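The block underneath contains the structure these notes are about, expressed in structure tokens.
Laboratory data are not the source of any read-out in this text; all were calculated from the coordinates shown. Treat the numbers as computed from the prediction; the structure is a model and nothing was measured. We place every Cβ from the backbone using ideal geometry, glycine too, and count neighbours over all the protein chains shown.
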Amino acid sequence: MTRDQVLQELTGRFSEAILALWDVSPKRVYVDIDPAALVGVSTLLFRELGARFCTASGVDTRSAVEILYHYILEPINLMVSVRVSLDRKAPLVDSLTGLFAAADFIEREIHELLGVNFRGHETPRRLLLPEQWPDDVQPLRRDYAEWDPNAVRDRGVR
């Protein structure tokens, strides 16, 4: 399959769900989609087109919590990054763990650090933060406030 065929398949099948597409370079494409289409778009990329899921990354912007899912189609050297924007007050999106097991740890990490809930994730237990860390405090959110009066979080800088 060629790069143009991949983009035609994606835009043809998900034209209603694609909010924006940035054809950045011959090796890189960014696609903003409606969060409700995440599983469908990911199924197309992963199962039907043979893309490899690399990772997901999340960020708390001023207006939303965004997650970028990064896929690579190695035979044609094309990276496709799929972005969903979620409501900051109640960030919720479908889990991809039913599609590929590799989503497990990254969804747990994003849940802990940014407060995103993944609908259908079977084991949303802690991954990184200590057990005493409050469930409603996400350290990578813009509104993070230190909750432990005894904590020293100087990142080793003196």
(message) Please list, ordered by chain and number, the residues whose modelled amide H lies under 5 Å from the amide H of ALA51; skip anything fewer than 5 residues away on the same chain.
(response) PHE46
(message) Give me a comma-separated list of calculated 3J(HN,Hα) values for segment 14-19, in order, Karplus coefficients 6.51, -1.76, 1.60 applied at θ = phi - 60°, integers in Hz, x for any Gly or Pro.
(response) 10, 4, 6, 8, 7, 8
(request) On a C-alpha basis, how far is the centre of segment 1-72 from the centre of segment 80-103 in Å? Whole number, if you could? (result) 12 Å
(message) I'd like the GluC sites (Glu not before Pro) in segment 89-158 restricted to DSSP loop residues with at most 14 other Cβ atoms within 10 Å, sorted by number.
(response) GLU122, GLU131, GLU146
(request) Considering only DSSP beta bridges where both residues belong to the chain, give the percentage that are antiparallel (nearest 5). (result) 75 percent
(request) Quickly estimate the mean residue ellipticity at 222 nm for the chain, helices only: each DSSP H run with n ≥ 4 gives -39500 (n - 2.57), and the total goes over all residues, rounded to 500. (result) -5500 deg cm²/dmol
(message) So for the chain, averaging the separation of alpha carbon pairs under 8 Å that are six or more residues apart and normalising by length, what relative contact order in percent results?
(response) 17 percent
(message) Could you tell me which residue out of LEU7, ASN77, ASN150 lies farthest along the dipole of the chain toward its positive end? Charges go on the beta carbon: Lys and Arg +1, Asp and Glu -1, centred on the Cα centre.
(response) ASN77
(request) Note the angle between two axes, namely the Cα long axis of helix 103-114 and the longest principal axis of the Cα atoms of the chain, as a number of degrees from 0 to 90, rounded to the nearest 10. (result) 50 degrees
